[in-house]
Each structure stands twice: as structure tokens, then as C-alpha cells.
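Visitor: Below are the C-alpha cells for one structure; questions will follow.
The values are calculated or read from the model by the stated rules, or taken from the named source; none is laboratory data. Treat the numbers as computed from the prediction; the structure is a model and nothing was measured. Heads up, the Cβs are rebuilt from the backbone with ideal geometry, glycines too, and the neighbour counts pull from every protein chain shown.
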Amino acid sequence: MQLGRAVNPPEPHRCRAASGSEAIFQAASLTKPIVATLAVKLVLRGKLDLDQPLSDVLPDGYLHRQNLFALRERPVVDLVTSEILRRLTVRMLLSHTSGLPNWSSQVPLSLSFEPGTRWRYSGEGYVLLQRVLERLTGLSLQALASAELFEPLDMNDSALKLTERVESALVPGRSASGQIRQLRFPYEIAAGSLYTTAIDYARVIAAPLHDQTLLP
């Protein structure tokens, strides 16, 4: 109802994409458990230390993109110095205790509290974790996820950025007002760019049940 009058719902969007468990959808923050699993795999192999200062991996600092979700705009970046990274660890990024905000759009990235002392949900923390994983492995996040998860688990309909396969089966989302809204990520964002299906995502969530080393 709006001002005492009934409002007609938006017309259903007709698309040729698959439906149900085979439909590819933009999974937003469901990306984070995927990236956390990649980090755990590297920890178990001795390639990543949960409590090592991030400055050891990124000694020259980290270029933070302020307009990360402005997909068609020229990047606006600022440098997060090694002095800040020296106070942060992978454990803090994974547990959202780094002091980094959820997002820092249009302003330089800075800490909102002393790292390790409080909890605050942080998308920026996972983007920083992405840079750590990419630096350690020499692979893009998409290539790393494909090698470690997507291919071994037969997640053939999953990707961390838009591909032709994804676009051909992508189910559009809607905004709160009912308008069709779909984020088409041309690059990987560890905090939220995953495209996947219900079946594919179930595979990766169930994986620790078969690989006991991934369980805490």
C-alpha cells in the first residue's frame, strides 16, 4: 500500500536463464567463505601464517581502490602504508577484527579502532586479504579459486568475475523498489564478486566434511 492505495507489483522479468538449482546468481558476501577457504588451504601448506604482519607480504604497502564498485569509472586509489599493514594479520582479516571499515568509498582507507581489540564487519578486510593471497601465490584470485576449488569440486558454473558462461545463465536481481539490478564484475572482489549456483555452492560448503583438514 502507498498513501492508502494499492500498488501493483512490478511485472516479472522474463529471461532465458536457467532456473532453480542450475541458475547462476550473483552471490555477494557469500564470496567471503570461498576466500577464507583458500586462505586456510595456504595456511595448512605452510605458505601463509595467520599471525604474520601483512607488511611482511606487502612491504611496499597496499594500493586501495576507493571506488571499487564503480565498475566503469577510472580507479581512484590511495596508499595504505606498511606502517599500518605491520599492525594487521590474516587472522584479523578473516575474523573481521582488523579495524578496517566495511567499505571506504571516496576517502582513503584508515583504521577505525586498534586492530585485534574489537569486531566490525569488513569488506575492505577481505579485499586486502585478496591482495595478500595474490602476492603469495602469483595468481589472480580467479585463477587461485579455479585451481583450488572450482575445478577439483566440479564447480563448473562458478566464477569470481563475469565470463561468457556466467552471463549466458545469469539470473537478474532486483533492487528494493523492484527494479532489475545486476552487478557485472569485470574483475575479482574477494568481498562479493562470486557468481555461482546453489549446487556449486553446496559443493564447496560440504567440502570440509570430506576433507577433515579444513575443519577447525
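Visitor: Please state which one of Ser175, Ser110, Ser140 is closer than 22 Å to Asn67 by Cα and modelled with pLDDT under 90.
Guide: Exactly one of Ser175, Ser110, Ser140 is closer than 22 Å to Asn67 by Cα and modelled with pLDDT under 90, namely Ser175.
Visitor: Checking the structure you have, find out if any residue of region 70-88 is over 23 Å from Ala28 (Cβ atoms), of a type in the set (Ser, Thr, Tyr) and surrounded by 14 or more Cβ atoms within 10 Å (Cβ to Cβ).
Guide: Within region 70-88, one or more residues are over 23 Å from Ala28 (Cβ atoms), of a type in the set (Ser, Thr, Tyr) and surrounded by 14 or more Cβ atoms within 10 Å (Cβ to Cβ).
Visitor: I'm trying to understand the selection: among the residues of region 127-164, which are among the hydrophobic types (A, V, I, L, M, F, W, C), touching a residue at least 60 places away in the same chain (Cβ under 8 Å) and in a loop (DSSP other than H, G, I, E, B)?
Guide: Residue satisfying the conditions is Leu160 alone.
Visitor: While we're on this one: Can you list the helices (runs of 4 or more DSSP H) found entirely within region 18-95 that contain at least 3 residues being closer than 21 Å to Gln182 by Cβ?
Guide: Hits in region 18-95: 31-44.
Visitor: Checking the condition among the small types (Gly, Ala, Ser) and either exposed (fewer than 15 other Cβ atoms within 10 Å of the Cβ) or within 24 Å of Pro186 (Cβ to Cβ) (or both), which residue from Ser112, Ser98 passes?
Guide: Unique residue meeting the criteria: Ser112.
Visitor: Among the candidates Asp56, Asp60, single out the residue that is more than 14 Å from Glu124 (Cα to Cα), in contact with a Ser or Thr (Cβ under 9 Å, 6 or more places away or on another chain) and of a type outside the set (A, V, I, L, M).
Guide: Only one candidate qualifies: Asp60.
Visitor: Continuing with the same structure: In the set Glu124, Glu73, Glu114, which member is in contact (Cβ under 8 Å) with a residue 40 or more places away in the chain and among the charged types (D, E, K, R)?
Guide: One residue alone meets the criteria, Glu124.
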